[in-house]
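Working notes for the structure below.
All of the numbers you see were taken from the coordinates with simple rules; none came from a lab. Everything quoted here is computed from the prediction, not taken from an experiment. For neighbour counting, all protein chains shown are included, and Cβ atoms are generated from backbone atoms with ideal geometry for every residue, glycine included.
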Ligand SMILES: [Cu+2]
């Protein structure tokens, strides 16, 4: 299982948090999504054989948010 933490711009309320959570949880291979409005951060646990970071970025951008890629980190979970 892989874990990635990305910073997101544009989340202003709990509605935004659930939008981000929903689009990510819909992706096959995603096992856990944790969104922090306070830190403007999303933590995703996923199976690297089934999905990848580009899919997360696409889904988040389609939902109307921006990603601060400079703060992206990946780690083995
Ligand atoms: Cu909102």
Practice task
Taking the Cβ of each residue in 36, 19, 70 as the centre, tally the other Cβ atoms inside 10 Å and list the residues starting with the fewest.
Solution key: 70, 36, 19
Practice task
Give the Cα extents of segment 6-46 along the principal axes, in whole Å, largest first.
Solution key: 27, 16, 12
Exercise for the section: Give me the angle, in degrees from 0 to 90, between the Cα long axis of helix 14-25 and the longest principal axis of the Cα atoms of the chain, rounded to the nearest 10. Expected result: 20
Handout entry: Helix axis angle, 53-62 relative to the chain longest principal axis, alpha carbon, degrees
Key = 20
Handout entry: Residues 62, 40, sorted so that the one with the fewest Cβ neighbours within 10 Å comes first
Key = 62, 40
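Rounded to a whole number of µm²/s, how large is the Stokes-Einstein D of the chain at 4 °C and 1.567 mPa s, given Rh as the Kirkwood radius over C-alpha pairs?
This corresponds to a translational diffusion coefficient of 107 µm²/s.
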Practice task
For a footprinting-style exposure proxy, rank 14, 37, 24 by other Cβ within 10 Å, fewest first.
Solution key: 14, 37, 24
